[in-house]
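*Asks:* Once you've had a glance at the structure underneath, I'll fire off some questions.
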Ligand code: JFZ
C-alpha cells in the first residue's frame, strides 16, 4: 500500500539528497495521534477530548509552566527573516528561473550549483540599502515583538562576522559589515527581542556535515569534525557577541545524534540562560514546539508552540514568487494561531540590497494598523476556551472575557453570531474600536450576539464579550445556521479507520498539510457528534482526496436517521516531486484534495450524530483521505420543503 507516511519519508529523502531522510519526519505534525479513544467507540454522547488525546504525549518539548516561556506566549507575534547569498540569486541561475523555495537554489534538487560557483555570489553581495533602524521602525509599526534572522542557513554562509569560518559577510563580500550586529543593536534599543536561526545539521559547504556538498562526495571528515570546527564555535559567537538572545532557532535536525543536540543546549544555557530553543534542535530537547511549515493546527495543541508561516510561498527572496498573502489572510492566521494558544512567526525574505519587498511590507503594516486598535486581543491574550475554531471566526480570551474575531460576517437571517455551550453570565457585548452595545440572547445552550447589518470597516471586526465572573464552555463541534461549518478530521471518532497527518510539497520545498481520516475498511465509519443550531437544509460537501483506485467508490453519510449515498470521484494525484521541474516516482503519490458536493441534507436542531462510511467493500475505498465535511446553510425556508 502506498501509505501517506511512506510518501512523506520518500519526499524527505528526495529533498535532502538521501542523507537526511529523517529531517522532515520529525515535526509534531508527523506524529500519529491514534489512541485508544479512536480505536474503540466511546458510547458516551459527547466526550470532550483532552488535548493529549489529539496530539499524543510524545510532544514533550513544551513546558507551558516554565516562567522562561511567559514572554513568548504573551507576545504571540514574531518576524522571521531568511537572508543570505540565496537572496542575491533570488531563484535564478545562469539565466534560468527556478520555482520553489529560493534558499534551496544551490541544492541538486534545484540548480545544482557547485560550492565554488555558489561562493561567487558573495563577490557581488553588497546590501547597500540595508538600514537596521529602518527595519526596526517597520517592525514596530507592524506590531512585531520578536525577530529571528538566519545567521547561517543550509548554504553554509554566515551573515555575521565569524572567526570560526571566513565564508561570512564581513570577510567574503564587498559589504564588509555585520548586519546581524546592527540589527541586534537596533532591536535592543527599540525593545524588540532578537534571536537567530542556525542550520546546525545541514551545511552544504562542509565536509562531514550531514548533507555534505554533492560536488565533493569524498567524506574525509566526520560530522563530529564539522560540528566542532564550525557549528559549535559559530553558535558560541552568536551567543556571546549579540547581546540578549530571545530564541535560538535550529532547523532540520535529521539524524543528528542526541549528544549533539545536548551540546548545543548546554552551550545556549551557558551563555544565554534565558534564550528559548525550538524543537527543531532535534531529539526532543528543545523548549517549545515548532509547527511547520505554513501549518496552523486546527485543534489547540498543548504547551508552548509556534506556527511558522511566510508572506508568499518561499522563505528566501525570489523573483519567481509573488504569491503574497493579503493583509486579511495574514491577520486571520495570526488570530487563528493565537486562538489555538500559539505564537505566530511570519517570514519575509529581504531583497539582496537589504530592503523588504513592497507588497508583504504593506500587508504587514495593515495588520500592524489593526493591532494598534485591537492589540489586547492578541498580546497577552489567552487561547480560546474552545479547542477548535468557530464557524464564523475565532476566539481569544482576556481578563474580563472573550474577544470574538468575526471572519465571516453574518449577512442574512438573524444577523447574529452564536456560541455553543457558554456557561456563565455575560455582562456586556460591544464592537471594539468604538461600537455600541450589542444584544445578547440565550436560547438553551446557544448564546447569540446580534450584530449590525453592515459589516464594520477594518480587516477583522471584533466583538468584546465581557463576562461576569468565571465561565466555562462545552467543547462541541457545531453546525451554525447562518454561516458555513466544517466537521474536521481531527475531531472525528473513528471505528476501524485512522486519523493521519498528511504532508506533501506543492512546488519544491513548499509544504502543505491536510490531516485526514484514512485506512477505510468494510465496516469502518467516522462519526461526529455535532450541535446543530437550527433545523434547516444544508448543502453537504466533502473535502477529500480520492486516488484513481478509489474512483467511483460508494459512500454514505448518515445524519440522524437519514442516509445520503454518493459516489466519490477521482480528485487527482501526482508523482512525488523531488526536484524542481521534474517528478520522480518513489513508489509514492502525492494526494490532491478537492471539494465534492454531496447534496442538500436536512439537519434537525440539537445534538446530531453525523457519520461517513464507505459502502464499497472490495478494499478500493481504503485510500480515500477525508479532511472535513462541510455543512453550508442553503437559505431555504424549511416550511417550503415537504420532501426533505
Ligand atoms: C526548513 C528549511 O529547509 C527551509 O529552507 C526553511 O528554512 C524552513 C523554515 O525550514 O524546511 C522545513 C523544515 C521542516 C518542515 C518543512 C520544511 N516540516 O517539518 O514539515
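The values are calculated or read from the model by the stated rules, or taken from the named source; none is laboratory data. Bear in mind that the values here come from a model prediction, so they are computed numbers and not experimental data. Note: ideal-geometry Cβ built from the backbone for every residue, glycine included; neighbour counts use all protein chains shown.
*Asks:* Determine whether residue 252 is closer than 17 Å to residue 153 by Cα and crowded, with 20+ Cβ neighbours inside 10 Å.
*Replies:* Considered against the rule, which asks whether it is closer than 17 Å to residue 153 by Cα and crowded, with 20+ Cβ neighbours inside 10 Å, residue 252 comes out as yes.
*Asks:* Further, regarding this structure: Just give me the residues in segment 595-623 being over 18 Å from residue 562 (Cα atoms) and in contact with a strand residue (DSSP E or B) (Cβ under 6 Å, 6 or more places away or on another chain), in sequence order.
*Replies:* Matches in segment 595-623: 595, 596, 616, 621.
*Asks:* Just checking, does segment 360-379 include any residue being in a loop (DSSP other than H, G, I, E, B), surrounded by fewer than 20 Cβ atoms within 10 Å (Cβ to Cβ) and in contact with a strand residue (DSSP E or B) (Cβ under 8 Å, 6 or more places away or on another chain)?
*Replies:* yes
*Asks:* Further question: Please pick out the residue among 512, 539 that is touching a residue at least 12 places away in the same chain (Cβ under 8 Å), under 30 Å from the mean Cα position of the chain (by Cα), outside any loop (DSSP other than H, G, I, E, B) and within 16 Å of the ligand (Cβ to nearest atom).
*Replies:* Only one candidate qualifies: 512.
*Asks:* Moving on. How many of the residues in segment 188-208 are under 22 Å from residue 72 (Cα atoms) and in a loop (DSSP other than H, G, I, E, B)?
*Replies:* Going through segment 188-208 one residue at a time, the tally reaches 4.
*Asks:* Which helices (runs of 4 or more DSSP H) sit wholly inside segment 76-176 and have at least 3 residues that are within 16 Å of the ligand (Cβ to nearest atom)?
*Replies:* Qualifying helices (runs of 4 or more DSSP H): 85-89.
*Asks:* Residue under question is residue 129, and the condition is that it be out of contact with any strand residue (DSSP E or B) (no Cβ under 9 Å at 6 or more places or on another chain) and under 17 Å from residue 81 (Cα atoms); does it hold?
*Replies:* Spelling it out, residue 129 is indeed out of contact with any strand residue (DSSP E or B) (no Cβ under 9 Å at 6 or more places or on another chain) and under 17 Å from residue 81 (Cα atoms).
*Asks:* Looking only at segment 281-302, how many residues end up being surrounded by fewer than 23 Cβ atoms within 10 Å (Cβ to Cβ) and more than 13 Å from the ligand (Cβ to nearest atom)?
*Replies:* Residues flagged as surrounded by fewer than 23 Cβ atoms within 10 Å (Cβ to Cβ) and more than 13 Å from the ligand (Cβ to nearest atom) within segment 281-302 amount to 8.
*Asks:* Considering only segment 411-420, state which residues are closer than 15 Å to residue 440 by Cβ and not in a strand (DSSP E or B).
*Replies:* If the condition is that a residue be closer than 15 Å to residue 440 by Cβ and not in a strand (DSSP E or B), then 414, 415 are the ones that fit.
*Asks:* Please work out if residue 384 is part of a helix (DSSP H, G or I) and touching a residue at least 12 places away in the same chain (Cβ under 8 Å).
*Replies:* no
*Asks:* With the condition kept exactly as written, say whether any residue in segment 232-246 is surrounded by 16 or more Cβ atoms within 10 Å (Cβ to Cβ), assigned to a loop (DSSP other than H, G, I, E, B) and at positive phi.
*Replies:* No, segment 232-246 contains no residue that is surrounded by 16 or more Cβ atoms within 10 Å (Cβ to Cβ), assigned to a loop (DSSP other than H, G, I, E, B) and at positive phi.
*Asks:* Continuing with the same structure: Cβ-Cβ below 8 Å, separation at least six or inter-chain, first residue in segment 68-82 and on the phi > 0 side of the Ramachandran plot, second in a strand (DSSP E or B) and within 16 Å of the ligand (Cβ to nearest atom): which pairs?
*Replies:* 76/343; 76/344
*Asks:* Okay, next question. Quick check, is residue 411 under 30 Å from residue 595 (Cα atoms) and surrounded by fewer than 19 Cβ atoms within 10 Å (Cβ to Cβ)?
*Replies:* Answer is yes for this residue.
*Asks:* Can you go through 632, 575, 556 and tell me which one is within 27 Å of the chain's Cα centre (by Cα) and without any contact (Cβ under 8 Å) to a residue 60 or more places away in the chain?
*Replies:* 575
*Asks:* Residues that are within 28 Å of residue 612 (Cβ to Cβ) and in contact with a helix residue (DSSP H, G or I) (Cβ under 9 Å, 6 or more places away or on another chain): find the strands (runs of 3 or more DSSP E) completely inside segment 543-590 holding 1 or more of those.
*Replies:* Correct list: 554-559, 573-575.
*Asks:* Scan 503, 558, 523, 581 and give me the residue that is touching a strand residue (DSSP E or B) at 6+ places or on another chain (Cβ under 8 Å) and at positive phi.
*Replies:* Going through 503, 558, 523, 581 in turn, just one is touching a strand residue (DSSP E or B) at 6+ places or on another chain (Cβ under 8 Å) and at positive phi: 523.
*Asks:* Right, residue 520: in a loop (DSSP other than H, G, I, E, B) and modelled with pLDDT of 95 or more or not?
*Replies:* So residue 520 fits the description; yes.
*Asks:* So residue 254 clears everything in (1) within 16 Å of the ligand (Cβ to nearest atom); (2) over 19 Å from the mean Cα position of the chain (by Cα); (3) at pLDDT 95 or above except one condition, right? Which one?
*Replies:* Unmet for residue 254, out of (1) within 16 Å of the ligand (Cβ to nearest atom); (2) over 19 Å from the mean Cα position of the chain (by Cα); (3) at pLDDT 95 or above: (3).
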